[in-house]
Amino acid sequence: MRIGMVGLGRMGGNLVRRLLRAGHEAVVFDRDPAAAAPLVAEGATAADGLETLVASLDAPRAVWVMLPSGAITEDAVTTLTGLLSPGDTLIEGGNSFWKDSARRAAAAAERGVDYLDIGTSGGVWGLERGYCLMIGGPAEAVRRLDPILSALVPGESAAPPTPGWAGDERAPRGLVHAGPSGAGHYAKMVHNGIEYGMMQAMAEGFELLRAGRAQHGLDLPLPEIAEAWRRGSVVASWLLDLTAQALNADPDLTAYTGRVGDSGEGRWTVQTAVETATPAPVLTAALYARFRSRQDAPLADRMLSAMRHAFGGHLEPPPAE
């Protein structure tokens, strides 16, 4: 099949590469022309704009937008919705808020364009490992694009079909048709909230291991413990694999500042938990821990020191040089 890809960053570029390796064709566009050059060398066709990209595809067209959430995605989706024809499919695979996806899908439907919101997980490893795709939108559009979607996931599963899968008789591993428009990005939002919690738990656990070594004289080799946990442990996971790799390369992780960003989906997860009155204390705490990591001696901490000094005469030692 032939597909258009808008946005050639780490995720978009590797999605194209995986499709090319599976024998599909891709017409690509990025605001930075240099981003397209390596993909052209691998067999893609570059377009100089969205209109050219759409004109380079045969009906029924499929265009995948892989851009950061916000205005840049909104502008691209609005423009493409106006350029595409009835029967075409517009895919949005970035980290968009699910309510925005549902709204965009409704606007596309007015023009007869199918809209798929596809939460995409796999990071920079997805090129080799395959991606996990969480899809919202019309089942018929999912079926039509099954060859593209199946090429992006890790492979076919020997297990029975996943309930709700709108594709072939057997469900490809790492792919789910989550429901109507918005469902794909809703599932990805919760996925990322869980990811925050898992990462925070693992980080706190290893901090406690280090404390046992430093304060109790226990010889706790963090890299070796991580390696052992990877094999047979109930906490074995891909995140633990990556943690073990990092500790083996640098046991003290001196190359990292400890400041942890967030893409926005953790915030949406917490906001949705409040909106639906769903208890999510772990996911919420993990998000706040990321906010805390980006502060240096915040006012709240200085205020605690001031109050402690005021009522008890406790004087905190000056910060270490």
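In table form, for the structure just shown:
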| quantity | calculated |
| --- | --- |
| Which listed residue, of GLU110, GLU92, is touching a helix residue (DSSP H, G or I) at 6+ places or on another chain (Cβ under 7 Å) and of a type outside the set (Val, Ile, Thr) | GLU92 |
| Pair list, Cβ under 7 Å, 6 or more apart: segment 129-155 residue closer than 17 Å to MET11 by Cα, other residue of a type in the set (S, T, N, Q) | TYR131/THR120; TYR131/SER121; CYS132/SER121; LEU133/THR120 |
| Cβ pairs under 9 Å, 6+ apart, first in segment 38-50 and within 16 Å of ALA62 (Cα to Cα), second among the aromatic types (Phe, Trp, Tyr) | ALA46/PHE29; ALA47/PHE29; GLY49/PHE29; LEU50/PHE29 |
| Options ASP114, ASP88; residue that is surrounded by 14 or more Cβ atoms within 10 Å (Cβ to Cβ), touching a strand residue (DSSP E or B) at 6+ places or on another chain (Cβ under 8 Å), over 16 Å from LEU50 (Cβ atoms) and free of Cβ contacts under 8 Å to residues at least 60 places away in the same chain | ASP114 |
| For ARG259: the one exception among (1) under 17 Å from TRP98 (Cβ atoms); (2) touching a residue at least 24 places away in the same chain (Cβ under 8 Å); (3) among the basic types (Lys, Arg) | (1) |
| All positions within segment 264-321 that are in a helix (DSSP H, G or I), among the acidic types (Asp, Glu) and more than 19 Å from the chain's Cα centre (by Cα) | GLU275, ASP301 |
| Which numbered condition ALA62 misses (of (1) out of contact with any Gly (no Cβ under 6 Å at 6 or more places or on another chain); (2) under 25 Å from GLY193 (Cα atoms); (3) surrounded by 15 or more Cβ atoms within 10 Å (Cβ to Cβ)) | (2) |
| Qualifying positions in segment 9-28 - charged (D, E, K, R) and within 15 Å of GLY94 (Cβ to Cβ) | ARG10 |
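Values in this text are rule-based calculations from the coordinates and carry no lab data. Remember, it's a predicted structure, so these values are computed and weren't measured experimentally. Note that we place each Cβ from the backbone using ideal geometry, even for glycine, and neighbour counts take in every protein chain shown.
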